[in-house]
Amino acid sequence: MMKQIRASVPAKAILFGEHFVVYGKRALATAINRRLMVVVSNRAGRGYHVKIDNIPTFGLQMVLGHEHRMAYPYKDFDNASKSIAYVRKAIEYLETEYGIGGQGVEIEISSEIPLAAGLGSSAATCVATIAALKHYFSLDSDLEGIREDAHSVEKAVQGNASPVDTAISTYGGYVQIERAKVRRLQLPELDLIIGTIGCIPLSMGINKSSEFSLKTKKIVEEVKVRKESFETVFKYIFDAADELTAHALRAMERGDFAMLGALMNINHGLLDAIGVVPRRLSELVKQSQELGALGAKVTGAGGLDNMGGVGSVLVLPGEAGDRIKVAMEVAGALVKGAKTGEAGLKIERIG
Ligand code: PMV
């Protein structure tokens, strides 16, 4: 008999405090209305067949099992193999921790979340894969357990990861992070624009493109080195960022969007000061500000000029949304409207 479970989770956007949160400062993040979906069903034979379909920038199929055989890779294989690494680790983790396995399983992933763009595609993959498999194998699937399992898998693949992304993918809504503790918040919905520089330049060789899978790690390490070189100055920048998040929370609670935008602009300035704003993302922010946005900033890890400036910016557009979207598209960005506070993990049996 066919058994089919579908899990879907949202993307995340960090509104305030990325990078500074790595050093215990406060950050505010939200789920946004772009989702990643994992469908788990039974198949003949043994082992896992993973099909990744329709993720912006690539598609591929792979058979995981004794032979680890790959089929039909195309386009951006290095980023694809990064996603596969999260799926493979999730399977290994559930086998070890809960003893799943022993039957043929099909795992199909599709997503609206661009990769390596600061929007939480890795955590979304972990949460949705863990949730769908736990449900499929009739394991306890309470949300906190799924979040913890997914965070363990994310850390096992990428070394270190703050709890921000897996918390947002699991719970949705808004979360505040302070000293690695996650607090869920009720805040008003915002209409944002997200501009992503997502194209890997064709001139970029295979070695270069494989670096993308470690982009966040590399940028976080560069910030650490700079912080150590300018210890006393960076202390003030980091304290300012912490204070900024506190102000932003109060502005959101009051519905003061002009203030919120002004604080986003300052946050962007602080991110520039610590060296995570490449030229292409800087231009998207400046252009949005000039065209009348209430606020604009880089979101997530940011980017590096020598990695093509790949990353995303968040814009609180006020009345200027249409012209900002056009200008960002002309500048080569993938541009989407985004609503904050999107619902978290949804699991359903579809067959
Ligand atoms: O770009 P992303 O989605 O990997 O976000 C990174 C956010 C950082 O604050 C830079 C790192 C972290 O673990 O919080």
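The values are calculated or read from the model by the stated rules, or taken from the named source; none is laboratory data. Predicted model, so just to flag it, every value in this text is computed and none were measured. Here Cβ is always computed from backbone atoms with ideal geometry, including for glycine, and neighbour counts include all displayed protein chains. The area values use the complete protein model at the heavy-atom level, side chains included, leaving out ligands, DNA and RNA. Shrake-Rupley method; radii C 1.70, N 1.55, O 1.52, S 1.80 Å.
Data for the structure
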| read-out | value |
| --- | --- |
| Spherically averaged projected area of the stretch 191-338 from its Cα convex hull (nm²) | 9.1 |
| Protein accessible area in the chain, 1.4 Å probe - carbon and sulfur % | 51 |
| GNM flexibility winner over the chain from SER110, SER312, SER121 (Cα, springs under 10 Å) | SER110 |
| When each of LYS12/LYS218; LYS181/LYS339; LYS51/LYS297; LYS3/LYS346; LYS89/LYS227 is checked by Cα-Cα distance, pairs over 23 Å | LYS181/LYS339; LYS51/LYS297; LYS89/LYS227 |
| Diffusion constant of the chain at 25 °C, which comes from Stokes-Einstein with the Kirkwood Cα-pair radius and 0.890 mPa s, µm²/s | 120 |
| Largest-first principal axis extents, alpha carbons of the stretch 94-167, Å | 36, 23, 21 |
| Average accessible area per residue (Å²) across the chain - probe 1.4 Å, nucleic acids and ligands excluded | 42 |
| Dipole moment magnitude, nearest 20 debye, the stretch 225-351 about Cα centre, only Lys, Arg, Asp, Glu C-beta charged | 320 |
| Under-5 Å amide H pairs with ARG34, H placed in peptide plane, nonlocal only | ALA11 |
| Helix runs (DSSP H) in the chain reaching 15 Å along axis by Cα, Kyte-Doolittle at least 0.5 | 121-136, 257-273 |
| Nearby aspartates and glutamates by direct alpha-carbon distance to LYS235 (threshold 19 angstrom, same-chain neighbours under 8 apart not counted) | GLU18, GLU178, GLU221, GLU222, GLU243, ASP272 |
